[in-house]
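Contents: one structure, followed by commentary.
The values are calculated or read from the model by the stated rules, or taken from the named source; none is laboratory data. Here the structure is a predicted model, which means the values were calculated and not measured. So basically every Cβ, Gly included, is an ideal-geometry build from the backbone, and we count neighbours across all protein chains shown.
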Ligand SMILES: Nc1ncnc2c1ncn2[C@@H]1O[C@H](COP(=O)(O)OP(=O)(O)OP(=O)(O)O)[C@@H](O)[C@H]1O
């Protein structure tokens, strides 16, 4: 195991921003940290890289306590609110960071800088002052910086924010290759479950500083049918006839899409007045309504009866 976070809490004054949070991160694994604004994502990532002190708990890197072995944080490539010197160009900014990291070999510096700048699509504009960069270009530069020196763990706070669709795809591809070909362990945060689920091995959902879910996205893939109304008699009939179906208020939830047709036929034969029936491929995450109301989910198909 690369990283193990055990029961960490973080207070800002009296405000508890992270509550008994535990997680693991393995080599070659990509974990998507999902949560709405202010849920504690940045706080967690800052705690992991020791940018802020944790109030309690432990963090281990390869079995060693990070707080007692702070030099190990040099194994982490970090993108959290990166800032660059406006009056230097992109190449010079990254070069400074490499020198600060103790890399002195000119050829190594040159090769690495060209490689990462090319990777994030900034090769052609590397000689421009950073002050002339757009927000998205600075984001790309931030990612380039985190990729220098092939760090074992990548800790990235919202690396997709501010990027256009092509930029987002590019960054996801880079992260995927880093993890799957390079064996790097990657954790990155985002607000949008749909945006990240295709490259993540695991999703961690955080809300109000508390971990709400940690697992494979597919584990939670469900089909959800909202009915206009559902009385007790009909609920019991549905539960009797369809083993896989769970019912929450007027919503039917099931994991086997093959039952949709039979379910529809059954509802119609029951003479239920169905005015509008939505069938969507979503996730149980969407059932944490209110808690993660701005975490998006897919609307796949709609039947009108
Ligand atoms: N330096 C700080 N001092 C006091 N409170 C803070 C500080 N940093 C964050 N907080 C509070 O801690 C909580 C978690 O904030 P955090 O920045 O970790 O959330 P986030 O999930 O990263 O949000 P976003 O998606 O908006 O970036 C919020 O209530 C925030 O107001």
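Can you say whether residue 68 is within 16 Å of the ligand (Cβ to nearest atom), assigned to a loop (DSSP other than H, G, I, E, B) and surrounded by fewer than 14 Cβ atoms within 10 Å (Cβ to Cβ), as far as the supplied structure shows? Walk me through it before giving the result.
Numbers: within 16 Å of the ligand (Cβ to nearest atom): no; assigned to a loop (DSSP other than H, G, I, E, B): yes; surrounded by fewer than 14 Cβ atoms within 10 Å (Cβ to Cβ): yes.
Spelling it out, it is not the case that residue 68 is within 16 Å of the ligand (Cβ to nearest atom), assigned to a loop (DSSP other than H, G, I, E, B) and surrounded by fewer than 14 Cβ atoms within 10 Å (Cβ to Cβ).
Which condition number does residue 84 fail, the rest of (1) closer than 26 Å to residue 173 by Cα; (2) at pLDDT below 95; (3) under 23 Å from the mean Cα position of the chain (by Cα); (4) away from the ligand (no atom under 11 Å from the Cβ) being met?
Exception for residue 84: condition (3).
Just wondering, is there one or more residues in the range 10-24 that are away from the ligand (no atom under 16 Å from the Cβ), surrounded by 17 or more Cβ atoms within 10 Å (Cβ to Cβ) and in contact (Cβ under 8 Å) with a residue 40 or more places away in the chain?
No: zero hits.
Any chance you could count how many residues in the range 28-48 are in contact with a strand residue (DSSP E or B) (Cβ under 6 Å, 6 or more places away or on another chain), at pLDDT below 95 and not in a strand (DSSP E or B)?
The qualifying residues number 2.
Tell me yes or no: at least one residue of the range 111-119 is in contact with a strand residue (DSSP E or B) (Cβ under 8 Å, 6 or more places away or on another chain), crowded, with 16+ Cβ neighbours inside 10 Å and part of a helix (DSSP H, G or I). Even if it seems obvious, please write down each step before you answer.
Of all residues in the range 111-119, those in contact with a strand residue (DSSP E or B) (Cβ under 8 Å, 6 or more places away or on another chain) come to none.
There is no residue in the range 111-119 that is in contact with a strand residue (DSSP E or B) (Cβ under 8 Å, 6 or more places away or on another chain), crowded, with 16+ Cβ neighbours inside 10 Å and part of a helix (DSSP H, G or I).
Grab the strands (runs of 3 or more DSSP E) fully contained in the range 169-276, keeping just those with 2 or more residues being within 30 Å of residue 11 (Cβ to Cβ) and modelled with pLDDT of 80 or more.
The strands (runs of 3 or more DSSP E) meeting that bar are 185-190, 202-207, 210-215.
Does residue 127 meet the test of being touching a strand residue (DSSP E or B) at 6+ places or on another chain (Cβ under 8 Å) and surrounded by fewer than 17 Cβ atoms within 10 Å (Cβ to Cβ)? Write out each step before concluding.
Numbers: touching a strand residue (DSSP E or B) at 6+ places or on another chain (Cβ under 8 Å): yes; surrounded by fewer than 17 Cβ atoms within 10 Å (Cβ to Cβ): yes.
In short, yes.
Conditions (1) closer than 20 Å to residue 262 by Cβ; (2) buried (at least 16 other Cβ atoms within 10 Å of the Cβ), marked per residue:
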{"position": "189", "(1), (2)": "no, yes"}
{"position": "193", "(1), (2)": "no, yes"}
{"position": "198", "(1), (2)": "no, no"}
{"position": "206", "(1), (2)": "no, yes"}
{"position": "210", "(1), (2)": "no, yes"}
{"position": "216", "(1), (2)": "no, no"}
{"position": "237", "(1), (2)": "yes, no"}
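Report yes if residue 147 is in a helix (DSSP H, G or I), buried (at least 20 other Cβ atoms within 10 Å of the Cβ) and modelled with pLDDT of 90 or more, otherwise no. Spell out the reasoning first.
On the way: in a helix (DSSP H, G or I): yes; buried (at least 20 other Cβ atoms within 10 Å of the Cβ): yes; modelled with pLDDT of 90 or more: yes.
Considered against the rule, which asks whether it is in a helix (DSSP H, G or I), buried (at least 20 other Cβ atoms within 10 Å of the Cβ) and modelled with pLDDT of 90 or more, residue 147 comes out as yes.
Please count how many residues of the range 150-168 are in a helix (DSSP H, G or I) and modelled with pLDDT of 95 or more. Break it down stepwise before answering.
Within the range 150-168, the subset in a helix (DSSP H, G or I) is 150, 165-168.
Of the ones still in play, those that are also modelled with pLDDT of 95 or more are none.
Qualifying residue count for the region: 0.
Which one is farthest from residue 60 (Cα to Cα), of the residues in the range 123-160 that are within 16 Å of the ligand (Cβ to nearest atom) and out of contact with any helix residue (DSSP H, G or I) (no Cβ under 7 Å at 6 or more places or on another chain)? Full working, then the answer.
Our first condition is that a residue be within 16 Å of the ligand (Cβ to nearest atom); within the range 123-160, this holds for 135, 139, 142, 155-160.
With the extra rule that they be out of contact with any helix residue (DSSP H, G or I) (no Cβ under 7 Å at 6 or more places or on another chain), the set shrinks to 135, 139, 142, 158.
Values: 135: 34, 139: 29, 142: 25, 158: 23 Å.
Top of the filtered list is 135.
Provide a single number: the residues in the range 25-54 that are more than 9 Å from the ligand (Cβ to nearest atom), crowded, with 17+ Cβ neighbours inside 10 Å and under 18 Å from residue 200 (Cβ atoms).
Residues in the range 25-54 being more than 9 Å from the ligand (Cβ to nearest atom), crowded, with 17+ Cβ neighbours inside 10 Å and under 18 Å from residue 200 (Cβ atoms): 7 in total.
For the structure I just gave you, tell me whether residue 77 is part of a strand (DSSP E or B) and either more than 16 Å from the ligand (Cβ to nearest atom) or closer than 25 Å to residue 183 by Cα (or both).
On the way: part of a strand (DSSP E or B): yes; either more than 16 Å from the ligand (Cβ to nearest atom) or closer than 25 Å to residue 183 by Cα (or both): yes.
So residue 77 passes the test.
Taking residue 94 as the residue in question, decide whether it is in a helix (DSSP H, G or I), surrounded by fewer than 20 Cβ atoms within 10 Å (Cβ to Cβ), in contact with a helix residue (DSSP H, G or I) (Cβ under 9 Å, 6 or more places away or on another chain) and without any contact (Cβ under 8 Å) to a residue 60 or more places away in the chain.
Working: in a helix (DSSP H, G or I): yes; surrounded by fewer than 20 Cβ atoms within 10 Å (Cβ to Cβ): no; in contact with a helix residue (DSSP H, G or I) (Cβ under 9 Å, 6 or more places away or on another chain): yes; without any contact (Cβ under 8 Å) to a residue 60 or more places away in the chain: yes.
Taking the combined requirement at face value, the residue does not satisfy it.
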